[in-house]
1. When you scan the stretch 69-146 for strands (runs of 3 or more DSSP E) that lie fully inside it, which ones turn up with 1 or more residues that are touching a residue at least 12 places away in the same chain (Cβ under 8 Å) and within 19 Å of ALA183 (Cα to Cα)?
2. Of all residues in the stretch 239-270, how many are in contact (Cβ under 8 Å) with a residue 60 or more places away in the chain and assigned to a helix (DSSP H, G or I)?
3. Counting just the residues of the stretch 200-224 that are touching a helix residue (DSSP H, G or I) at 6+ places or on another chain (Cβ under 6 Å) and under 23 Å from ALA43 (Cα atoms), which one comes out surrounded by the most Cβ atoms within 10 Å (Cβ to Cβ)?
4. What are the pairs, 6+ residues apart or on separate chains, where a residue within the stretch 31-47 that is in the same structural domain as LYS228 (by TED's automatic domain parsing) has its Cβ under 7 Å from a residue that is assigned to a helix (DSSP H, G or I) and of a type in the set (Phe, Trp, Tyr)?
5. Just to be sure before I move on: is GLY143 under 23 Å from the mean Cα position of the chain (by Cα) and within 25 Å of LYS185 (Cβ to Cβ) in the structure I sent?
6. With the condition kept exactly as written, say whether any residue in the stretch 190-208 is over 23 Å from TRP257 (Cβ atoms), outside the structural domain of SER45 (by TED's automatic domain parsing) and either modelled with pLDDT under 95 or part of a loop (DSSP other than H, G, I, E, B) (or both).
7. Within the stretch 40-70, work out how many residues are surrounded by fewer than 23 Cβ atoms within 10 Å (Cβ to Cβ) and over 16 Å from PHE240 (Cα atoms).
Amino acid sequence: MKFSKHLTVLMTVMLAVLFAGNAFAVKKKTVKIAYVEWACATASSNVAKAVIEEKLGYTCELIPVSAAAMYQALSTGDVDAITTAWLPVTHKDYMDKIKTTVVDLGPNLKGAKLGLVVPSYVTIDSVDQINANAKKFKKQIIGIDPGAGLMGMAEKALVTYDMKDMELMEGSGAMMTAMLGNAIKNNEWIVVTGWAPHWKFGRWDLKILKDPKGVFGSEETVNTIVRKGLKEDLPDVNAFLDAFFWTTADIGQIMVWNQDGMDPADSAKKWVKENPDKVAVWLKH
């Protein structure tokens with residue numbers, strides 16, 4: 001009788017440990033977020049990582065990739081989420097290819113804008129004035145990575161606005177801002193592919209050129225997209241990502257910190273610590 005009682009107690013304890021271990025294993029599942037190393041994507045992805053790790057208790061891995069690879073990895077389920085889908089225009093082609101295999105959780109940021117950007121001292125105000133001033137711009141539009149949706153728009157703008165004397169230069173976001181900064185230092189004319197929010201608008205006095213033919217579209221939203229099945233597998237992570245929403249001022253602050261030399265992970269943790277009320281709203285589910 002006593003042996004049976006002890007055995008029952010022992011089995012109860014073992015089962016409790018087993019269930020606790022299983023719960024811990026589920027809790028420790030790694031959440032994978034893919035992103036392109038744009039300033040905005042770096043900021044939002046790192047904030048999502050900070051919340052997922054510090055508030056939800058998971059390990060979160062950020063995976064830097066190209067734009068095309070980002071959407072492909074999400075479609076195949078190799079990653080769980082992305083926080084930087086520019087819609088409805090910029091990333092439309094990517095989304096059209098994978099929309100049946102992913103879930104769009106909606107905007108995490110509103111008021112995003114793309115276009116061709118010049119320093120404010122440049123005395124033109126519209127894209128249709130670029131070609132007439134091609135020599136002043138050294139016949140170049142400074143672009144970013146070739147896979148970006150913005151570059152496709154810029155290529156279309158060359159044709160739509162008959163900029164036969166201009167050439168779109170491929171590069172990266174870092175190269176674009178470096179050349180922009182150098183031109184401003186020397187008070188030179190330069191035109192670059194650009195988007196807001198971006199730290200460059202906080203650093204320099206810039207303007208997005210008017211786009212009378214609407215090549216670059218109107219204001220866009222930046223959306224969070226997740227793989228199908230995330231809601232069932234990790235409901236708390238999905239609920240947070242669904243609620244994640246902030247302003248251009250919020251993301252702008254982080255981008256400035258990053259540009260000033262702070263590690264992006266540290267910037268994100270600092271922002272999360274300094275904005276508990278906003279984070280609390282994201283976690284109410």
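1. Values: elements: 81-87, 102-119, 140-142.
Result: 102-119, 140-142.
2. First pass over the stretch 239-270, keeping only residues in contact (Cβ under 8 Å) with a residue 60 or more places away in the chain: 240-242, 244-248, 251, 254-255, 258-259, 264-265, 267-269.
Narrowing further to those that are assigned to a helix (DSSP H, G or I): 240-242, 248, 251, 254-255, 258-259, 264-265, 267-269.
Qualifying residue count, the stretch 239-270: 14.
3. The first filter runs over the stretch 200-224 and keeps only residues touching a helix residue (DSSP H, G or I) at 6+ places or on another chain (Cβ under 6 Å), leaving 200, 202, 204, 209, 211, 213, 215-216, 224.
Applying the additional criterion that residues be under 23 Å from ALA43 (Cα atoms) yields 200, 202, 204, 224.
Details: LYS200: 22, GLY202: 13, TRP204: 16, THR224: 26.
Step by step, filter the stretch 200-224, then rank; the result is THR224.
4. Short answer, once both residue conditions are applied: VAL47/TRP271.
5. Values: under 23 Å from the mean Cα position of the chain (by Cα): yes; within 25 Å of LYS185 (Cβ to Cβ): yes.
So GLY143 fits the description; yes.
6. Yes; the residues of the stretch 190-208 include at least one that is over 23 Å from TRP257 (Cβ atoms), outside the structural domain of SER45 (by TED's automatic domain parsing) and either modelled with pLDDT under 95 or part of a loop (DSSP other than H, G, I, E, B) (or both).
7. 8
The values are calculated or read from the model by the stated rules, or taken from the named source; none is laboratory data. Nothing here was measured: the structure is a model prediction, and the numbers come from that model. Heads up, the Cβs are rebuilt from the backbone with ideal geometry, glycines too, and the neighbour counts pull from every protein chain shown.
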